[in-house]
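Report on the following structure.
Quick note: the coordinates plus some simple rules give every number you see, no bench work behind them. These figures come from a predicted structure and were not determined experimentally. Backbone-built Cβ (ideal geometry, glycine too); neighbour counts: all protein chains shown.
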Amino acid sequence: MHATSIEKEYRSKRISADEAAALVHSGASIHLGGAANVAAIIDARLARRVHELRDVTVRTYIDTHAYRICEADPEGESFHWFSGFVLGFSRAFSRRRGIGIYIPSSWHNVPAFIRDTLAFDIFYLVTPPMTESGFFNFGLTAGETMAIADVSRTIVVVVRKDMPTVPGGFEECLPLSRIDYVVEDDETHTFCLPPVEATKADRLIAENILNAGLIQEGTTLQIGIGGLPNSVLELISASGFRNLGLHTEMLTEKMMDLIEAGIVTNSEKRRDRFKTVFTFCLGSRRLYDFVDRNPLFATYPVNYTNHPMVIAEQPRMFSLNSAAQIDLTGQVASEQIGGSRPFQVSGTGGQLDFVMGTMFARDGKGVSVIALYSEYNGASKIVPLLETGTNVTVPRSMVEHVATEWGVARLRGLTVQERALALIAIAHPQHRDGLMRQARDAGFLPYRTLDGKKPRGIIVQRG
């Protein structure tokens, strides 16, 4: 059989991983991708060149990989690493190098600022094998991929056989003609997210959210990853809901369970009806096999999935996000630990995008929930005011519902005094008296004795 013109072009562009890494020169700017599509094989090859390279700028996001370049170059002399979303795999590097490594932005806006302000010498783009028609699908991570490609002088595709091909709405693939080089990666397996066990606190918060009646028939869901989101999805599965939809930043394992059970049908959605929409996916091999070439799904760039106006069009849009701290005025901190030397532990991501999207809901029925544990290591996660060095992820003017193990409060429309009382009511009982004193000292509450009535905004309360 004679080779087609596409096959001949593919072979002419094929190089080794060593040759691909050798394309990087001192002073270059490169992107290694993000989430399940981090070009780990290139990272390993570049780390070997640590003594011959200087001032190479490396960008990443959703760090599912402990970067060899950072391990090989602790002081960042050879590789200046910057991340759009730090995960546990890269937090040690974040702590060492400082918060200067982080690129602040609400995620829906990232493709625009990439196209407006950035340029890369090389983009190492991880994909599944090329289609017969000569296209490289973006696999599990659409995100900001096309925007990075648009501003990259050279694109090197890193092909992994175990990367699924995911149907897309738009901007989910590139033609071979746009690719400069192809590396076939037989060394690296696509990252699978380990299962997260739910705690008792996770289950209590999930019960409070369901008992508050914030999810109904026909609700469109955006729910993240972790023990708490998993607990909410498990309760939804057992609750008898039907005709739910998914329009989410991240596709997770428990969401697949809802689809298989017929609970998620996407039949009530205004956009992408009968499709589960996401911009990246992390989970098990079972999940990846489920999305592979499955027409139930549509992956989109993040400027679509996370755009507040797109989110606002979904019926009964429900958004659940986690936080590290909230102060008594309602300011939410989800991404950075404060103090004399603050460090980045995650990123803004899509949290603010979905809070805004539900707030702008066209049907007036959008619901956003910020959930957090009431305490950690004996310290209250509800504090009088955020510590210096702690950045605000969601401003108090946009916070609607707050959930802990001890209840759910709706802050929307409340005065600062009413917010303080409502948040104290869902704080851990051991901290309530102290928070009450601190609230008075801060001027949030009068010093006179309050009448003891149930605070406004409390929907569910335990203890």
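Full extension from ALA92 to ASP116: what is 0.36 nm times the residue separation minus their Cα-Cα distance, to one decimal in nm? Don't jump to the answer; show the numbers that get you there.
Values: separation 24, 0.36 × 24 = 8.64 nm, distance 3.08 nm.
Full extension from ALA92 to ASP116 adds 5.6 nm.
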Whole-percent pair-distance distribution, where bins are 5 Å wide, for the alpha carbons of segment 200-461: 1, 6, 13, 17, 19, 16, 12, 8, 5, 2, 1, 0, 0
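Give, as a single signed number, the net charge of other residues whose beta carbon lies under 12 Å from the beta carbon of MET146, with Lys and Arg counted +1 and Asp and Glu -1.
Local net charge: -2.
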Loop-exposed trypsin sites (Lys or Arg not before Pro) per DSSP, neighbour cap 10 Cβ within 10 angstrom, longest uninterrupted part of the chain: 1-447
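Under 12 Å from the Cβ of ALA112, count the other residues' Cβ atoms, weight Lys and Arg +1, Asp and Glu -1, and hand me the total. Write out the running numbers ahead of the final one.
On the way: positive: ARG115; negative: ASP116, GLU144, ASP150.
Cβ neighbours under 12 Å give a net charge of -2.
Size of the dipole of the chain about the Cα centre, Lys and Arg at +1 and Asp and Glu at -1 on the beta carbon, nothing else charged, in debye to 20?
Working: 48 positive and 51 negative charges, 287 e Å.
My answer is approximately 1380 debye.
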Dipole-positive endmost among ASN303, GLY169, THR131 within the chain (Cβ charges, Cα centre): ASN303
Point-to-point label distance, LYS453-GLU260, nm (Cα→Cβ direction, 7 Å offset): 5.1
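Under the rule of -39500 (n - 2.57) per DSSP H run of 4 or more residues, summed and divided by the residues of the chain, what mean residue ellipticity at 222 nm is obtained, to the nearest 500 deg cm²/dmol? Intermediate results must be reported in sequence, preceding the final value.
Details: 16 runs with 128 residues, N = 463.
Mean residue ellipticity at 222 nm (helix-derived): -7500 deg cm²/dmol.
Rounding to the nearest 20 debye, state how big the charge dipole of segment 5-184 is about its Cα centre with +1 on each Lys and Arg Cβ and -1 on each Asp and Glu Cβ.
Numbers: 19 positive and 22 negative charges, 52 e Å.
With Lys and Arg at +1 and Asp and Glu at -1, about 240 debye.
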Those GluC sites (Glu not before Pro) in segment 60-148 that DSSP places in a loop and that have at most 14 other beta carbons within 10 Å: GLU75, GLU77, GLU132
Contour excess over end-to-end distance, with Cα ends at ALA22 and GLU184 and 0.36 nm allotted per residue: 56.8 nm
Tail weight of P(r) past 23 Å, computed on alpha-carbon pairs of segment 5-184, percent: 37
Contour excess over end-to-end distance, with Cα ends at ARG437 and LEU385 and 0.36 nm allotted per residue: 17.4 nm
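Can you list which of the chymotrypsin sites (Phe, Trp or Tyr not before Pro) found in segment 155-219 are DSSP loop residues with at most 12 other C-beta atoms within 10 Å? List each step's numbers first, then the result.
Details: sites: PHE170, TYR181, PHE191; in loops: PHE170, PHE191.
Taking segment 155-219 and a limit of 12 other Cβ atoms within 10 Å, the loop chymotrypsin sites (Phe, Trp or Tyr not before Pro) found are PHE170.
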DSSP-defined antiparallel bridges as percent of all bridges, segment 5-184, nearest 5: 10
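Rg to Rh for the chain: what is it, with Cα atoms only and Rh by Kirkwood?
Details: Rg = 23.3 Å, Rh = 23.2 Å.
The Rg/Rh ratio comes out at 1.00.
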Size of electric dipole in segment 398-461: Cβ of Lys, Arg +1 and of Asp, Glu -1, about Cα centre, debye, nearest 20: 180
Charge dipole of the chain about the Cα centre (unit charges at C-beta), most positive-ward option of HIS428, THR279, LEU221: HIS428
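Quote the FRET efficiency, to the nearest 0.05, computed for PHE82 versus LYS161 with a Förster distance R0 of 25 Å and r equal to the Cβ-Cβ distance.
Numbers: r = 30 Å, r/R0 = 1.20.
Approximately 0.25, to the nearest 0.05.
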Where labels lie 7 Å past Cα in the beta-carbon direction, separation of GLU132 and TYR376 in nm: 5.1
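Test of understanding: ordering CYS70, CYS281 by Cβ neighbours within 10 Å, fewest first, what list do you get? Please list the in-between numbers first.
Working: CYS70 22, CYS281 27.
Going from least to most buried by this count: CYS70, CYS281.
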Value in Å of the Kirkwood radius, where segment 1-83 supplies the Cα pairs that are averaged: 13.8
